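The values are calculated or read from the model by the stated rules, or taken from the named source; none is laboratory data. What you see is a predicted model, and the numbers here were worked out from it, not measured in a lab. Counting neighbours? That spans all protein chains shown, and the Cβs are built from the backbone with ideal geometry, glycine included. For the accessible areas, the whole protein counts, side chains as well, though only heavy atoms, and no ligand, DNA or RNA atoms are used. Shrake-Rupley method; radii C 1.70, N 1.55, O 1.52, S 1.80 Å.
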Amino acid sequence: MNKKIFSLRNLIHFVGIFIFIFIFILFKIDIKKSLEIIAGSNPFLVIIALVAGIPPIILRNLRWQKLLKNKGVIIKFSETFLVYFYAVFWGSITPGKIGEFSKIIYLNKKGVPLKISTVSVIFDRLFDIITILILGFLGLFIFFRNLKNIIYIFLIIGMIILSFIFILYFNKNFIKNTLEKIISKLPIKNSSNVSEEIIDNLFNSLKKPGFILFSGTIISIAAWVMYFFQLYILSKAIGINLAFILTSAIIAIITTLNLIPITVSGIGTRDLTLMLLFSQIGLGKEEAISFSMMILLTFVAGGLFGWICGFFLEKHPPQMS
């Protein structure tokens, strides 16, 4: 029975792959046309877009540095930058980017107490989740403001999804059980019986919480805006001429949906959502698939760079404190 449940859970994590296959079967995508759109992309803009993916990571690393410093942990910016990008690699190949919790392993090797390392990583992740939820909800209003016939349906669906995610992420038992599963699978020491203590002290553990929450939120919003700009450049590279605000609204919506851990790197869910959104603004399904593939390219490029960072870290492991 347990094996069957475990297999079912693993299968759920890869629903996006099946959605991706289903899209090509049901909608009869002209893959040749999609590939032609990609092949005709502006290589200069593509390169700029890929390079533009670095500043958001720099900002998120700065945010993590502030969280660590707040807990009395001082580590070189360059070192945590490598770790952060390595976590991006693991996040790109795991559902819901759960692999980004791998930063805990690094901190554990540095001798940072598990409670401190876990709290810093949780807050770091929560900043991204909460800000993209807000931006995603805002994106719904921006995108559907002129489509009065269906706006209410999408707003209701959006509110249900956001409420569901909020309930999950802020439910103590859910977070505790999730942490126990994550920590139990990480190769770290002294990992037993820490989840309850971490959750009990999660929101009472920051010094000057107002400043940390304010600065963390500003950094998070700036990082997301840079990410939107990166994909805006990418859309221009393949000839999709949409306004920056509209492109940002679309990206915010699909990124919010990708929080649901049923896919890896947004494969499937992103394609289907882009097709539905593009159909409302006069763009074809082939354009949607092409744009989705280019977004996947950013995940691959970021993951590859992260893997290189991880390789460097393995060659120069952190010194135990």
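Brief remarks on what is shown
Yes or no, residue by residue, for (1) crowded, with 18+ Cβ neighbours inside 10 Å; (2) modelled with pLDDT of 90 or more; (3) closer than 15 Å to residue 126 by Cβ:
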{"site": "212", "(1), (2), (3)": "yes, no, yes"}
{"site": "223", "(1), (2), (3)": "yes, yes, yes"}
{"site": "228", "(1), (2), (3)": "yes, yes, no"}
{"site": "231", "(1), (2), (3)": "yes, yes, no"}
{"site": "235", "(1), (2), (3)": "yes, yes, no"}
{"site": "238", "(1), (2), (3)": "yes, yes, no"}
{"site": "263", "(1), (2), (3)": "yes, no, no"}
{"site": "266", "(1), (2), (3)": "yes, no, no"}
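- Selection status of residue 98, open to solvent by 20 Å² or more (accessible area, probe 1.4 Å) and closer than 20 Å to residue 223 by Cα: yes
- The residues of region 27-71 that are more than 23 Å from the chain's Cα centre (by Cα), free of Cβ contacts under 8 Å to residues at least 24 places away in the same chain and under 21 Å from residue 126 (Cβ atoms) amount to a single one, 69.
- Filtering 141, 127, 89 for residues that are of a type in the set (Phe, Trp, Tyr), under 22 Å from residue 225 (Cβ atoms) and out of contact with any Lys or Arg (no Cβ under 8 Å at 6 or more places or on another chain) leaves a single hit, 141.
- Of the residues making up region 282-291, not a single one is open to solvent by 50 Å² or more (accessible area, probe 1.4 Å), under 22 Å from residue 50 (Cβ atoms) and either out of contact with any Asp or Glu (no Cβ under 9 Å at 6 or more places or on another chain) or among the small types (Gly, Ala, Ser) (or both).
- Restricting 182, 150, 167 to those that are open to solvent by 20 Å² or more (accessible area, probe 1.4 Å), modelled with pLDDT under 80, farther than 24 Å from residue 252 by Cβ and of a type outside the set (Lys, Arg) reduces the list to 182.
- Looking only at region 298-315, residues that are hydrophobic (A, V, I, L, M, F, W, C), more than 14 Å from residue 103 (Cα to Cα) and in contact with a helix residue (DSSP H, G or I) (Cβ under 7 Å, 6 or more places away or on another chain) come to 4 in all.
- So residue 251, is it under 13 Å from the mean Cα position of the chain (by Cα), at negative phi, part of a helix (DSSP H, G or I) and crowded, with 18+ Cβ neighbours inside 10 Å: yes
- Selection count where residues are outside any loop (DSSP other than H, G, I, E, B) and in contact with a Leu (Cβ under 8 Å, 6 or more places away or on another chain), scope region 69-88: 6
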